[in-house]
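First up is the structure itself, then whatever we jot down about it.
Taken together, the values in this text are just the output of simple stated rules run on the coordinates, not laboratory data. Remember, it's a predicted structure, so these values are computed and weren't measured experimentally. As a convention, Cβ positions derive from the backbone with ideal geometry for all residues, glycine included, and neighbour counts pool all protein chains shown.
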Amino acid sequence: MSRNIRILTVDDSPSMRALLRHSLTEQGFEVEQAEDGEIALSWLASNEVDLVITDINMPNLDGFGLIEELRSSARHAERPILVLSTESSTEKKQRARNAGATGWIVKPFDAEKLAVAVRRVIH
Amino acid sequence: MNLDDIQNVFFVECEESLEAAEAGLETCKAGEHDTETINAIFRGVHSIKGGAGAFGHAPLQAFTHCFETLLADVREDAVELTPELVDLLLHALDCLRDHVDAAREGRDPPNDADLIKQLTEAQAANGGAAGTEGDAEESDEPTATAEQGPDSSDDGLDLDALLDDLDADAGDGESGDAAQADAALPICVHLRPHAPSMINGGDPLLWLRELELLGGKVAKCDTSFVPQLDDFDPATGYLGWSFEVPVEAGEEAVTDIFDFAGDGCSLVIGEGEAIPEPQLGEGQSDATEQSDASAKQADTDGEAEEPSETDAKAEDTDKVDAPAKSAQTPVAKQAAPANQAARQSREGQSIRIDLAKLDRLIDGVSELVIAQAMLAQRLSADDVTHCEELTMLDGLIRDMQERAMAIRAQPIGTVFNRIPRVLRELANSTGKHVKLELVGESTELDKTVIEMLSEPMTHLIRNAVDHGIESAEERLAAGKSADGTLLLQAEHRGGRIVIRIEDDGKGINREVVFAKALEKGLVTEDQQLSDEEIDNLIFAPGFSTAQQVSNISGRGVGMDVVRQHVKELGGRITIESQPGKGTAFILALPLTLAISDGMIVQVAGQSLVIPLAHVVESLRPTADQIKGMGTDRQMLNVRETFVPIMPLAGFVGSGSGPAQPTDGVLVIVETENSGQAALLVDEITDQRQFVIKSLDTHYRSIEGVAGATILGNGQVALIVDVDRLVQEAASSSVMPNTPAEVVAA
């Protein structure tokens, strides 16, 4: 089932990107990556993915901003977006919900848990 | 890329984060911080924590968590940033660096118990903890404590509530307790998804699917609210369900599924419960609190209690129905400066390239330069001159070379940035507080030089603080400020980088130095030495002036090692010391170790290269410009300035140079220490770039020769070490192998 599921991960940390690519590829997902919200937006303008996984703390355009931007366009209104963050406060989660996030994963993650989370939101 | 590679990326990133955090804290120390500064520090520590967790460095993670929690309070203004706190944070940062090093090298983590205690106390003492991440999290994730394994040193932050259902199946005793109280009865889960669950890419069906995966069965489906088809809104939740989930699945596994559902779903757990009412019409936005409340309920063993909806609803209508905008505006405002700060801190950043790859590129460019020179030579031999394409090629290659070298160039700030820590450690061990002044941090030089510079510089700084700067009492008595000042200055000068390390301490005590040198047998009693010569004695091997060997600078490696390091870099170190006022060490280093511009000259049938950086001008002297001095020296009068003439023929060990300066060409060179000199050569044949090949590796080191290079015709030419040569010649009373003809003149 995981074949051909394409995921965009957005994270400014190179090690986290590498880890995400490693974990998700191992689980059979196709992985695309962006370094911050702005890059993610411009990439998404001309590409399709099944799911976006984004960090919150990022330069240029942070995770909240990215989600809001995506939700404001009809094309991405229904796209599952997971937040992957070390933060786990109610306030932050509420903010992410308001922005339009589909789910929230707390770092650190392991590959299997991540795959479960991904399948939880893939239609 | 395997996990080890990824981990290496993480450690590189740690360095950046540490540097950013340190820069931020130094700004705080200077009292010039603002919100962005604190954010940048927080982000640095935060990102290390993220990676530490991901790569399983538990001690590092535990420490960063503690550190971060305090920083979060500082960020929220819950804790006041006093100078004492800044010191503590700096101290914590040093410890963090040790933690990172330990994690990277697989060593035991440093003992941080004391610091963790201090950090926690600092937080508690300032009445922090309000609204901190850690605390908010605990209330947010009631299951965390149950999940916490005995080996977990963190307070549960590394637990992923959303995904813990996997672990829950593994069944740790504690989490099962709650459920076991209900014997074997299934967990009754009553849920009703609301409209918000169907936006943002959510789908209640997925929750149901997961409940099924836990072994849940639908006990009841409430269809009573489904309207007539005409009134049907596909984005509204009309259905509610009761599920029976086997108790083995664990209640938290169930609540975890709805962890992020928030106001998208009403959830009640407990046998006596009923499916919550739907929120239709204007009430569609349900209370966030409800799911939280139900989560808490679940925690208190599923006690039956309907959350009071009215209050929560009124509150949340504001929050949710005026969608996002009102709530988001302040968020956006906060984010903007943070982004700016992030952008600033990323200015110096770029993509990472394996250094070896870069070196290969530079090597390639260097060879290209040589090949181009050979081509030019071949063409000119075949009488192809004024070749436009060649000129173009020349320009392009030159550009390319400059750019390639620029890639390797790094601001010296990367070395300077390590100094504050050295000073802090010194302050701890010596009690001498030293103010650091940096000038010219952005001066760029080759990365190889930078890397090799770190160690001698650190040593010089330790030396300056240990021996140079006096104790606070002594300083006050001498009418100085209690804190010493250390100046680090870098600048480009004459094709070199000159680094000045200057303290305002007591200066070198020449009597003590001389006595010590005498004791060590380095000098004899009747030797007359100039101040400079005495100062330079401290570079003699085995010399140490410390009365007692301290653990700071007297580690058995002396200043001679520093000088050796600098020499290896092709640099020179000099001292300027004024008793009572302070001491300055001046390092003069080449900008790059790879390519230089040079003038190719002929001397007694040999080609020599004079680095262009030294060349001031060249001229054919007239007889009246030459003046004799003493019996064996000649001076050149250049615009009423007298410059000593040095025949290079002596240098190449041949007497067949030009008999008179008027027969040859004088190349006037500027040196670091010995002023100008006019080198007498037969003729100047060319000016081109050359790649320095070390003689040490191919032959052996020779005084006065900086290296060798391959000329366009494939011939090997020696590169003149102008500084050294002139210095040697000037200090010896007789010119080396002075040609007889010159003496006779």
If R0 = 35 Å, then B:T458 and B:A124, at their Cβ-Cβ distance, give a FRET efficiency to the nearest 0.05 of 0.45
Label model pair A:A74, B:R378: point-to-point distance (7 angstrom along the Cα→beta-carbon line) in nm is 6.6 nm
Note: B:I684 to B:Q578 extended length (0.36 nm per residue) minus current alpha-carbon separation gives 33.8 nm
In nanometres, the difference between 0.36 nm per residue of separation and the alpha-carbon distance of B:Q715 and B:V226 is 166.6 nm
Expressed as a whole-number percentage, the relative contact order of the stretch B:412-590 with C-alpha contacts under 8 angstrom and at least six residues apart is 24 percent
Too long for a 27 Å Cα-Cα cut-off, among B:K516/B:K567; B:K49/B:K117; A:K93/B:K49; B:K435/B:K520; B:K567/B:K627, are B:K435/B:K520; B:K567/B:K627
By Cβ neighbour count within 10 Å, fewest first, B:F585, B:F42 rank B:F42, B:F585
Whole-Å distance linking the alpha carbon centroid of the stretch A:73-123 with that of the stretch B:53-128 is 28 Å
B:R500 neighbourhood, Cβ < 12 Å, K/R = +1, D/E = -1, net charge -4
The exposure ranking of B:I353, B:I610, fewest beta-carbon neighbours within 10 Å first, is B:I353, B:I610
Rounded to the nearest 0.05, FRET efficiency between B:D359 and B:D5 (Cβ-Cβ, R0 22 Å) equals 0.65
The summed charge of the B:L396 Cβ neighbourhood (under 12 Å; Lys/Arg +1, Asp/Glu -1) stands at -2
Per the rule of 0.36 nm per residue minus the C-alpha distance, extending A:D110 to A:T90 adds in nm 4.9 nm
Net charge near B:S47 (other residues with Cβ under 11 Å of its Cβ; Lys, Arg +1; Asp, Glu -1) is -3
